[in-house]
Amino acid sequence: MAVRLWISAAPNWGYGAPQRMLNRMVRLNLHSVARLATTTTTTTTITPRAREEAGAAAAIPFEPMLYHLRPVPEEFQQALACNVANAFAAAARTEPGATAQDTQMRICGRVTSVRAMGKHLYFSDLEDHSGRIQVMCSKRHLDEVSQQRLLHRHDHIEVFGSPGKTKTGEPTLKAQLVRVIAPCQAQLPDHIEDKEKQVRERHIYLNTVDNDLRQTLKMRNQVLSTIREFFALRDFVEVETPILSAQSGGAIARPFITRANALQADLHLRIAPELYLKRLVIGGLHRVFEIGKVFRNEVNKVYADPGNAGPVLRRACQELHLERMELFINGAELCNAYQELNDPAEQRRRFEAQHRERQQGNDELPLPDEDFCQALEAGLPPTVGWGLGVDRVIMVLSGKPHIRDVLAFPILAPKQATSQDGC
């Protein structure tokens, strides 16, 4: 299963447009996207005393219903709700040892470390989507529920307090009230060596170990946003084409087949949206694109980095003078662009040739699609189109060797089965 970007455009776009578009997209936001790949974080540790206290507290049974979000106490209702980055910035503006007593803030996040200073004072690092900040609190600042077990790593907590700095100059939120809003009730590891376990327990892997994966997923989001922005500025219309249909087409691949009980018929998951996008161009929607998943029932490939080869473009004139362009980076094909066939008679001839080969045992070839041939008879203007492997783009930008490294939840074989490539 892969995410691909498919585009079709009518005559005024020009035959050289796919290559020009790709060049512009690469220039458009490559630096801002790649910047996310270089984000680094610091690692914190737990003191022996904190480990001892956490171990003792772990024996106390949880009452999960006590940890739902509760009303804000009256004395903190004027506190400014903000993210960790805002709190850090406010704390950074204070002097060492000082506290902005006239400023009350409320932040929520995940505890990444806990450090005890004496019997009653605790320092913890709190993290949310925007960053990380140190929180200082004493045991009396914990609400009565939280006092039963103190704080654990990976707890989600709510903190009310004032920004300031410690005497050593560390920006800190000095807590006046700390409440656990979602306790961590599992013993989470510091590291997961097994690659398959990293994927199966992705919620743990993301939460505790792999900030790099989180940054990769953020990069993925920015790449998709950039693609959409690029086409919106050029008057393209984003569309959705059927994921399930009576037959698959538009590419050469073995489809997944499922049963529609309501229709009492088999349906195919799409292997490409190409034929539907061409129908839209025929219907007068001359600039369309789709970002979506395609499903191909084939052996999953590992796109390993073969070396530091630069981009390679290949152009070939096929029969009927079709133009084609492919983009390869580091040995991985990222883009396949072509001028579309718009002759219904030639399309039928090719479908028939594929059908004869299919009858001889090549079940990856699609069945003839007469509905599409009839659509071509209405007239497909000279059109160019290309498909971009978004997953592979993320692999190149992030330097990841395997496609599973850029997906939040890649497909795995069932636990009782084994897989040669682990994905």
Note on region 137-152: residues surrounded by 21 or more Cβ atoms within 10 Å (Cβ to Cβ) and either at pLDDT 90 or above or not aliphatic (A, V, I, L, M) (or both) are C137, H141, S146, H152
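Being in a loop (DSSP other than H, G, I, E, B), β-branched (V, I, T) and either in contact (Cβ under 8 Å) with a residue 12 or more places away in the chain or crowded, with 18+ Cβ neighbours inside 10 Å (or both) is the filter here; which residues of region 261-302 pass it?
Going through region 261-302, the residues in a loop (DSSP other than H, G, I, E, B) turn out to be 261-264, 270-273, 283-286, 295-302.
Subset that is β-branched (V, I, T): 271, 299, 302.
Residues satisfying the conditions are I271, V302.
For region 328-376, what are the residues that are among the small types (G, A, S) and not in a helix (DSSP H, G or I)?
Within region 328-376, G331, A332, A337, G361 qualify.
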The conditions are (1) in a loop (DSSP other than H, G, I, E, B); (2) surrounded by 17 or more Cβ atoms within 10 Å (Cβ to Cβ), and P71 fails exactly one of them. Which is it?
(2)
Could you tell me which numbered condition P71 fails, if it satisfies all but one of (1) in contact with a Lys or Arg (Cβ under 7 Å, 6 or more places away or on another chain); (2) farther than 18 Å from P171 by Cβ; (3) modelled with pLDDT of 70 or more?
(1)
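Among residues belonging to region 377-413 that are assigned to a helix (DSSP H, G or I) and of a type in the set (V, I, T), point out the one that is surrounded by the most Cβ atoms within 10 Å (Cβ to Cβ). Walk me through it before giving the result.
Narrowing region 377-413 to residues assigned to a helix (DSSP H, G or I): 377, 390-398, 403-406.
Now drop any that are not of a type in the set (V, I, T), which leaves 390, 393-394, 396, 403, 406.
Values: V390: 21, V393: 26, I394: 24, V396: 18, I403: 21, V406: 23.
Taking the candidates together, the pick is V393.
Here is a yes/no grid of residues against (1) at pLDDT below 90; (2) outside the structural domain of V393 (by TED's automatic domain parsing); (3) buried (at least 17 other Cβ atoms within 10 Å of the Cβ); (4) not in a loop (DSSP other than H, G, I, E, B):
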residue: V199; (1), (2), (3), (4): yes, no, yes, yes
residue: L206; (1), (2), (3), (4): yes, no, no, yes
residue: D212; (1), (2), (3), (4): yes, no, no, yes
residue: T216; (1), (2), (3), (4): yes, no, yes, yes
residue: N221; (1), (2), (3), (4): no, no, no, yes
residue: T226; (1), (2), (3), (4): no, no, no, yes
residue: P242; (1), (2), (3), (4): no, no, no, no
residue: R259; (1), (2), (3), (4): no, no, no, yes
Among (1) among the acidic types (D, E); (2) touching a strand residue (DSSP E or B) at 6+ places or on another chain (Cβ under 7 Å); (3) modelled with pLDDT under 75 - the single one E319 does not satisfy:
(2)
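Only one residue in D128, D102 is within 15 Å of Q176 (Cβ to Cβ), assigned by TED's automatic domain parsing to the domain that holds P73 and surrounded by fewer than 19 Cβ atoms within 10 Å (Cβ to Cβ), so which one is that? Full working, then the answer.
Numbers: D128 fails: within 15 Å of Q176 (Cβ to Cβ).
Answer to the selection: D102.
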Among the residues of region 80-131, what is the count of those that are more than 18 Å from D155 (Cα to Cα) and assigned to a loop (DSSP other than H, G, I, E, B)?
15
Would you check if there is a residue in region 281-299 being at pLDDT below 80 and not basic (K, R)?
yes
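The values are calculated or read from the model by the stated rules, or taken from the named source; none is laboratory data. This one's a predicted model, so the numbers in the text were calculated from it and none came from an experiment. With ideal geometry, Cβ positions are generated from the backbone for all residues, glycine too; neighbour counts draw on all protein chains shown.
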